[in-house]
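Here's a structure for you.
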Amino acid sequence: MTETTGARLLDGKATAQAVRTEVRAAAERLAERGVRPGLAVVLVGEDPASEVYVRMKDKDANEAGFLVRTIKLPAETSQSDLEAEVERLNADDDIHGLLVQLPLPKGLDSDRIVRRIAPEKDVDGLTPDNVAALVTGGEGLVPCTPAGCIEVLDRYGIELEGKRVVIVGRSMLVGKPLAQLALARNATVVMCHSRTRDLAEECRRADVLVAAVGVPRLVKGDWVRPGAVVLDVGINRGEDGKLVGDVDYEGARQHADAITPVPGGIGPMTRAMLLHNTALAAARKAGIAWSDVATAPMG
Ligand code: NDP
């Protein structure tokens, strides 16, 4: 499958479109049973990047046929008022997926807010119950970015069993949950972070290399073992305003067997998995098996 001109492109945009189409079909089947998935997104303050993300989530969910509520609150909202808003949405039967856009303005404790979200509505998969479910193999909701990483691998037929998966970055949002998902697929997982000694050498040993760091082009081309698969989760804005990943794409694609681009890789997959999680949460609430409404299996 490897092209002589470089790595195979793992097209997150096209794959995400396929996922969105499937979620929309699932939403139609749910509608036949009187269930309309509902997503609430709470945005506090006026962070421009957060506003863009929330608009995109709103648009995606509308296109999928969901009920969408965007709740905008001023930056000076108090902790208790924000917690009360979360409680209100927890109790709202029309809402199946609830997320509070992070980061929150200074002075608000995001950990405490996240802990308030009902686990069955926690479509970002960040509550302690969902973290526990991921670690113990229970039924929960998986964070969208790592779920998107696994989904893109699955759809390109890239198996993880027995492979050495090296993940650079150990955040609760990406690195740690992805490690659990890869372990569940019987990969050998190596976690790297800012204190890792000789990061380049660790990366060179990867069969599947994931960069989720937030440092533009940190991973150099010669850190990629010939034939490796590279997932670039990073989203950084370059000085020219363009988005760049955590991997030197041009360098890495000379060595890799397959690679996700930025933009058009894991970003669109993350958005698509939010829709998937919301529809899944709606089906579960109604006691409908996902397999009864899904047209394709989801990781
Ligand atoms: P965090 O800042 O929470 O975590 C970054 C991780 O990278 C930390 O574990 C940190 O190590 C590690 N790190 C930082 N610098 C280095 C370095 N020089 N060498 C090795 N490791 C390093 O980031 P997130 O996980 O939230 O996001 C990571 C990237 O992914 C960002 O670019 C973000 O924009 C992007 N992102 C993209 C998404 C998408 O949809 N595609 C969704 C979410 C995030 P330590 O723990 O030691 O501090």
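The values are calculated or read from the model by the stated rules, or taken from the named source; none is laboratory data. Everything numeric in this text was worked out from a predicted model, so none of it was measured. With ideal geometry, Cβ positions are generated from the backbone for all residues, glycine too; neighbour counts draw on all protein chains shown. SASA here: full protein model, heavy atoms, side chains in, ligands and nucleic acids out. Shrake-Rupley method; radii C 1.70, N 1.55, O 1.52, S 1.80 Å.
Using a 1.4 angstrom probe on heavy atoms only, work out the carbon and sulfur share of the accessible area of the chain in %.
Answer for the chain is 50 percent, counting heavy atoms of protein chains only.
Can you list the aspartates and glutamates whose alpha carbon sits under 15 Å from that of Lys285, skipping same-chain ones fewer than 8 residues off?
Partners within reach: Asp92, Asp93, Asp94, Glu120, Asp122, Glu139.
Around Arg69, which amide H atoms from residues at least 5 apart in sequence, or from another chain, sit under 5 Å from its own amide H, with H modelled in the peptide plane?
HN-HN under 5 Å from Arg69: Leu39, Ala40, Val41.
Take the Cα of Leu67, step 7 Å along the line toward its Cβ, and report every residue of segment 86-113 whose backbone nitrogen sits under 14 Å from that point.
Only 89-98 fall inside the zone, counting backbone N under 14 Å.
Check Arg164: other-chain or 5+ apart residues with amide H under 5 Å from its amide H, H built from backbone geometry?
Hits under the 5 Å cutoff: Thr188, Asp207, Val208.
From the P(r) of the chain, can you give the percent of Cα pairs sitting at distances over 33 Å?
23 percent
Another question about this same structure. Considering only protein heavy atoms, what per residue accessible area in square angstrom results for the chain with a 1.4 angstrom probe?
47 Å²
Still on this structure, please answer the following. Dipole magnitude of segment 33-122 about its Cα centre, charges +1 at Lys/Arg Cβ and -1 at Asp/Glu Cβ only, in debye to the nearest 20?
About 220 debye.
Related question: Which pairs break 26 Å Cα to Cα here: Lys57/Lys176; Lys176/Lys242; Lys59/Lys176; Lys13/Lys57?
From Lys57/Lys176; Lys176/Lys242; Lys59/Lys176; Lys13/Lys57, over 26 Å: Lys176/Lys242; Lys59/Lys176.
Something else: Would you grab the residues whose amide H sits under 5 Å from the one on Cys192? Only those 5+ places off in sequence or on another chain, please, with H modelled 1.01 Å from N.
Ile167, Val168, Gly169
Express as a percent, rounded to the nearest 5, the fraction of DSSP beta bridges in the chain (both residues included) that run antiparallel.
For the chain, the DSSP antiparallel bridge percentage is about 10.
Another one. Quick check on the chain: helices-only [θ] at 222 nm, where DSSP H runs of length 4 and up contribute -39,500 (n - 2.57) each and the sum goes over total residues. Nearest 500, please.
Dividing the helical sum by the residues of the chain leaves -12500 deg cm²/dmol.
Same structure again: Loop-only trypsin sites (Lys or Arg not before Pro) in segment 67-123, please: DSSP not H, G, I, E or B, and at most 16 other Cβ atoms within 10 Å.
Lys106
Which whole-Hz couplings ³J(HN,Hα) result when phi for each residue of segment 148-156 is put into the Karplus expression 6.51 cos²θ - 1.76 cosθ + 1.60, θ = phi - 60°, listed in order with x for Gly and Pro?
These are the phi-based 3J(HN,Hα) values: x, 4, 5, 4, 5, 4, 4, 6, 9 Hz.
In debye, nearest 20, what is the charge dipole magnitude of segment 198-247 about its Cα centre with +1 on Lys and Arg Cβ and -1 on Asp and Glu Cβ, if you could check?
100 debye
If you count the DSSP beta bridges with both ends in segment 173-265, what percent of them are antiparallel, to the nearest 5?
Rounded to the nearest five, the antiparallel share is 20 percent.
Segment 1-74: which GluC sites (Glu not before Pro) are DSSP loop and have at most 15 other beta-carbon atoms within 10 angstrom?
Loop-located and lightly packed - Glu46.
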